[in-house]
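S.K.: What follows is a structure written as structure tokens; I'll ask about it next.
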Amino acid sequence: MVDSRNEQWRVDLRKSHTPKERTAIERVVMPQLDPKYRITCNEEVNEGISEEQAVREATRCLDCANPQCVTGCPVGINIPKFIKNIERGHFADAAAAIKETSSLPAVCGRVCPQEKQCESKCIHVKMKHPAVAIGYLERFAADWQRNHCEQEVPKMAPRNGIKIAVVGSGPSGLSFAGDMAKKGYSVTVFEALHEIGGVLKYGIPEFRLPNAIVDYEIDGLRKMGVDFEKDIIIGKTLTYDDLHEMGFKGVFVGSGAGFPRFMDIPGENLKGVMSSNEYLTRINLMKAGRGGDTPVMQGNTIAVIGGGNTAMDSTRTALRMGAKRVLLVYRRSEAEMPARREEVGHAKEEGVEFFTLHNPIEYIGDDKGFVKAMRVQKMQLGEPDASGRRRPVPIEGAIEEIPVDIVIVAVGVSPNQLVPSSIKGLEVSNRHTIVVNDDTMQSNIADLFAGGDIVRGGATVILAMGDGRKAAQHMHEVLSQK
């Protein structure tokens, strides 16, 4: 990472304010749409910060000599460099600094859990102050560049004529593709669906991540020479051997985790009980209820089971689809929810009812096989389990029945098994994830690397991107030695 900290402009900028002056500045508040309005549409809730707000927030950064925020970033963005460029008003330079290591800055600025990663390492936190709003600033720089500049191609190595295949166009595949293209490789991304973007398109609603933002980032990869092929299922349409016959010298698998989990309780096969994957894919990707041909069941009272970001996305989507009452049912307390605090807050503002410390134990159907109610067990928190969160324990006899029209189950996902099962000799775990060397992302098959949910079993966008970057670096080393 090239560090410009000792360049004269950075030195002068540090001297322009004392640390005390910088820490006295209050953290910026993100403007957002009014809750009553936003549940009537699919417009992005967070509106972004202004140039004035961005410069002021960037001024809070102390430009640490040993910036720990960078250690919290899975893709290694030079955070102080881009923030200090914002402080001096060089917004295009800030965007360029981010793109040195990140292929999807406008995406990450919106959906990455900065509060658990880069911002958690900020020196302000140790000083008992709110962290610098790194995520807001990343989004600002990326949005400013998109709105004011022609999309530029980053520095590229000369083409080396070596073909690389990428399976899946989610965040890990896109990150890998961008880095390999920069290194001079001819990269082709194969996507099973009819749109590029993977979970960024089918899993995350537009009120949180507009499709236009994803498409812009993908267009940037196209300008770098990355080719995209849609409607191709690796393992069926093309096999691993076919890729070799087509001349590909390396394969990166980022096929994700699109296999939904259920709870194995009575009534899960009733009509109206569906996975969050199905619900969100129908609405986000297939435009169900918004002019698309794909139908989706609708109801007045919808229950969403789970406490992660996907559960929050499902509850908020249900409100926008016209549900009169939306319940979030989670077996632990709100403090144990893995969802981002911002998403929890937005769901509450929009009217989602939180049924924490409750766990469904049965769904009840009517005489036509449609769900009409759910029985929930009231819980209390016991001792911490392996995850570090307090284990939910049933309260004997505390069971209630709640009328519902639809149940959306958002309790996790498992990896897509088609690609691993179709490659002879590939080592997979008992969770159906591809086994890789954690340091290199290389599998037991020398030319096959993997990352994201197909390795982790379910993780964040930024962790998947970090896997893609790491795999690109090590595949390049392997191919260079050859």
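S.K.: Could we say that residue 241 is more than 26 Å from residue 417 (Cβ to Cβ), in a helix (DSSP H, G or I) and of a type in the set (D, E, K, R) here? Lay out the reasoning, then the answer.
M.R.: Values: more than 26 Å from residue 417 (Cβ to Cβ): no; in a helix (DSSP H, G or I): yes; of a type in the set (D, E, K, R): yes.
Against the criterion (more than 26 Å from residue 417 (Cβ to Cβ), in a helix (DSSP H, G or I) and of a type in the set (D, E, K, R)), residue 241 does not qualify.
S.K.: How many of the residues in segment 146-186 are closer than 23 Å to residue 441 by Cα and charged (D, E, K, R)?
M.R.: Residues meeting the conditions: 4.
S.K.: Residue 154 versus (1) surrounded by fewer than 20 Cβ atoms within 10 Å (Cβ to Cβ); (2) out of contact with any strand residue (DSSP E or B) (no Cβ under 9 Å at 6 or more places or on another chain); (3) free of Cβ contacts under 8 Å to residues at least 60 places away in the same chain: which is the lone unmet condition?
M.R.: Against the list (1) surrounded by fewer than 20 Cβ atoms within 10 Å (Cβ to Cβ); (2) out of contact with any strand residue (DSSP E or B) (no Cβ under 9 Å at 6 or more places or on another chain); (3) free of Cβ contacts under 8 Å to residues at least 60 places away in the same chain, residue 154 comes up short only on (3).
S.K.: Being without any contact (Cβ under 8 Å) to a residue 12 or more places away in the chain, closer than 19 Å to residue 91 by Cβ and part of a helix (DSSP H, G or I) is the filter here, so list the residues in segment 110-151 that pass it.
M.R.: 147
S.K.: What is the number of the single condition among (1) in contact (Cβ under 8 Å) with a residue 12 or more places away in the chain; (2) of a type in the set (D, E, K, R); (3) in a strand (DSSP E or B) that residue 391 does not meet?
M.R.: (1)
S.K.: Please verify whether residue 384 is at pLDDT below 95, buried (at least 22 other Cβ atoms within 10 Å of the Cβ) and either within 30 Å of residue 361 (Cα to Cα) or among the hydroxyl-bearing types (Ser, Thr, Tyr) (or both), treating the condition exactly as stated. Explain how you work it out, then say what you get.
M.R.: Values: at pLDDT below 95: yes; buried (at least 22 other Cβ atoms within 10 Å of the Cβ): no; either within 30 Å of residue 361 (Cα to Cα) or among the hydroxyl-bearing types (Ser, Thr, Tyr) (or both): yes.
No.
S.K.: Moving on to the next point. Identify the residue in segment 289-308 that is of a type outside the set (Gly, Ala, Ser) and assigned to a loop (DSSP other than H, G, I, E, B) and, among all such residues, is surrounded by the fewest Cβ atoms within 10 Å (Cβ to Cβ).
M.R.: Applying the first criterion (of a type outside the set (Gly, Ala, Ser)) to segment 289-308 yields 290, 293-298, 300-302, 304-305.
The next check asks that each one be assigned to a loop (DSSP other than H, G, I, E, B); those that pass are 290, 293-298, 300.
On the way: 290: 13, 293: 7, 294: 12, 295: 10, 296: 20, 297: 19, 298: 14, 300: 13.
Result: 293.
S.K.: Quick check, is residue 175 assigned to a loop (DSSP other than H, G, I, E, B), buried (at least 24 other Cβ atoms within 10 Å of the Cβ) and outside the structural domain of residue 342 (by TED's automatic domain parsing)?
M.R.: Details: assigned to a loop (DSSP other than H, G, I, E, B): no; buried (at least 24 other Cβ atoms within 10 Å of the Cβ): yes; outside the structural domain of residue 342 (by TED's automatic domain parsing): yes.
Considered against the rule, which asks whether it is assigned to a loop (DSSP other than H, G, I, E, B), buried (at least 24 other Cβ atoms within 10 Å of the Cβ) and outside the structural domain of residue 342 (by TED's automatic domain parsing), residue 175 comes out as no.
S.K.: How many of the residues in segment 1-14 are more than 30 Å from the chain's Cα centre (by Cα) and part of a loop (DSSP other than H, G, I, E, B)? Please lay out each step first, then the result.
M.R.: Here is the first cut: in segment 1-14, the residues more than 30 Å from the chain's Cα centre (by Cα) are 5-14.
In the following step, the residues that additionally are part of a loop (DSSP other than H, G, I, E, B) were identified as 5-7.
Residues in segment 1-14 being more than 30 Å from the chain's Cα centre (by Cα) and part of a loop (DSSP other than H, G, I, E, B): 3 in total.
S.K.: Quick one: residue 298 ticks every box in (1) touching a residue at least 60 places away in the same chain (Cβ under 8 Å); (2) under 19 Å from residue 356 (Cα atoms); (3) of a type outside the set (Phe, Trp, Tyr) bar one, so which box is it?
M.R.: Unmet condition: (2).
S.K.: Being of a type in the set (Gly, Ala, Ser) and closer than 18 Å to residue 261 by Cβ is the filter; apply it to segment 422-455 and report the residue that is surrounded by the fewest Cβ atoms within 10 Å (Cβ to Cβ).
M.R.: Just the residues of segment 422-455 that are of a type in the set (Gly, Ala, Ser), to begin with: 422, 425, 429, 443, 446, 450-452.
Within this subset, residues satisfying the condition of being closer than 18 Å to residue 261 by Cβ are 429, 452.
Numbers: 429: 12, 452: 35.
Applying the filter and picking the extreme gives 429.
S.K.: Pull out all pairs, ordered by first then second residue, where Cβ-Cβ is under 7 Å, the residues are six or more apart or on different chains, the first lies in segment 314-337 and is not assigned by TED's automatic domain parsing to the domain that holds residue 348, and the second is surrounded by fewer than 20 Cβ atoms within 10 Å (Cβ to Cβ) and assigned to a strand (DSSP E or B).
M.R.: none
S.K.: Moving on. Just for segment 195-236: of the residues that are without any contact (Cβ under 8 Å) to a residue 40 or more places away in the chain and either touching a helix residue (DSSP H, G or I) at 6+ places or on another chain (Cβ under 8 Å) or not basic (Lys, Arg) (or both), which one is nearest to residue 151 (Cα to Cα)?
M.R.: Within segment 195-236, the subset without any contact (Cβ under 8 Å) to a residue 40 or more places away in the chain is 196-197, 211-212, 215, 222, 230.
Then keep just the ones that are either touching a helix residue (DSSP H, G or I) at 6+ places or on another chain (Cβ under 8 Å) or not basic (Lys, Arg) (or both); that gives 196-197, 211-212, 215.
Values: 196: 19, 197: 19, 211: 17, 212: 14, 215: 13 Å.
Result: 215.
S.K.: Moving on. I need the full set of residues from segment 413-450 which are in contact with a Gly (Cβ under 6 Å, 6 or more places away or on another chain) and at positive phi, in order please.
M.R.: Across segment 413-450, the qualifying residue is only 441.
S.K.: Could you say which residue among 220, 256 is at positive phi and buried (at least 17 other Cβ atoms within 10 Å of the Cβ)?
M.R.: Numbers: 220 fails: at positive phi.
Exactly one of 220, 256 is at positive phi and buried (at least 17 other Cβ atoms within 10 Å of the Cβ), namely 256.
The values are calculated or read from the model by the stated rules, or taken from the named source; none is laboratory data. Keep in mind it's a predicted model, so treat the numbers as computed, not measured. With ideal geometry, Cβ positions are generated from the backbone for all residues, glycine too; neighbour counts draw on all protein chains shown.
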